[in-house]
1. Test of understanding: among Tyr88, Tyr141, which residue is touching a strand residue (DSSP E or B) at 6+ places or on another chain (Cβ under 6 Å), surrounded by 15 or more Cβ atoms within 10 Å (Cβ to Cβ) and in contact (Cβ under 8 Å) with a residue 12 or more places away in the chain?
2. When you check Ile117 against the structure, is it part of a loop (DSSP other than H, G, I, E, B), at pLDDT 80 or above and in contact with a strand residue (DSSP E or B) (Cβ under 6 Å, 6 or more places away or on another chain), yes or no?
3. Quick one: is Asn64 out of contact with any helix residue (DSSP H, G or I) (no Cβ under 8 Å at 6 or more places or on another chain), of a type outside the set (D, E, K, R) and surrounded by fewer than 16 Cβ atoms within 10 Å (Cβ to Cβ)?
4. Filter the range 71-81 for residues that are touching a strand residue (DSSP E or B) at 6+ places or on another chain (Cβ under 9 Å) and at pLDDT 80 or above and give the result.
5. Failed condition for Glu124, given (1) modelled with pLDDT under 80; (2) in a strand (DSSP E or B), with all others met?
6. Which residue out of Ser84, Ser68 is modelled with pLDDT under 80, among the small types (Gly, Ala, Ser) and assigned by TED's automatic domain parsing to the domain that holds Asp147?
Amino acid sequence: MKRKSDRLYLRLILLLVVVLAFLIIAKGLENGFYSGSNRETGFAELTSPSAGCFIDFDSQFVINSEASFRDLQNTRLSRCYNLSDWEYDSSKTLLGKKIEASGCSYEMEKRIIRNDIVKKAAFEIDLHTEGECDEVLLSYYEILSVDKIPVDYEVIFELKED
């Protein structure tokens with residue numbers, strides 16, 4: 001009799017563990033990235049703050065085809081960064097994010113996080129400015145070249161300022 005009750009308790013505990021694991025995984029997927037499968041990937045920086053110019057253009061963009069690359073080269077943004085000199089590389093995706101900040105000095109950290117399970121990629125920028133200078137400190141497009149992001153992936157742009 002004791003063995004039956006022990007087995008029953010073990011089965012119940014196992015069932016609870018499985019349900020709990022399922023709920024944790026489901027919640028992680030629901031919130032975007034499942035932390036166990038995120039990976040930070042490398043990138044090449046194609047622009048710098050000193051190359052900036054004041055222009056009104058989309059606040060962010062994903063260039064994943066030669067046609068969209070050619071379209072980008074025909075925008076006003078092209079004049080700022082000499083995009084006509086850039087060559088299209090089909091093994092790469094271009095991610096662009098407009099950065100604007102006021103202050104006297106800044107520090108910036110950039111990351112590309114990719115999750116192939118949930119088919120998402122994130123371009124994250126942490127921007128820390130200091131001082132209360134009235135002038136605009138930054139106004140430029142951060143354009144990165146990253147390993148090809150498939151077209152069915154969701155790309156998230158996140159600018160965290162403090």
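1. On the way: Tyr88 fails: touching a strand residue (DSSP E or B) at 6+ places or on another chain (Cβ under 6 Å).
Answer to the selection: Tyr141.
2. Numbers: part of a loop (DSSP other than H, G, I, E, B): yes; at pLDDT 80 or above: yes; in contact with a strand residue (DSSP E or B) (Cβ under 6 Å, 6 or more places away or on another chain): no.
When the stated conditions are applied, Ile117 does not pass them.
3. Numbers: out of contact with any helix residue (DSSP H, G or I) (no Cβ under 8 Å at 6 or more places or on another chain): yes; of a type outside the set (D, E, K, R): yes; surrounded by fewer than 16 Cβ atoms within 10 Å (Cβ to Cβ): no.
No.
4. Of all residues in the range 71-81, those touching a strand residue (DSSP E or B) at 6+ places or on another chain (Cβ under 9 Å) come to 71-72, 77, 80-81.
Answer for the range 71-81, where residues must be touching a strand residue (DSSP E or B) at 6+ places or on another chain (Cβ under 9 Å) and at pLDDT 80 or above: Asp71, Leu72.
5. (1)
6. Details: Ser68 fails: modelled with pLDDT under 80.
The unique qualifying residue is Ser84.
The values are calculated or read from the model by the stated rules, or taken from the named source; none is laboratory data. The model shown is predicted, which means the values in this text are computed figures rather than measured ones. So basically every Cβ, Gly included, is an ideal-geometry build from the backbone, and we count neighbours across all protein chains shown.
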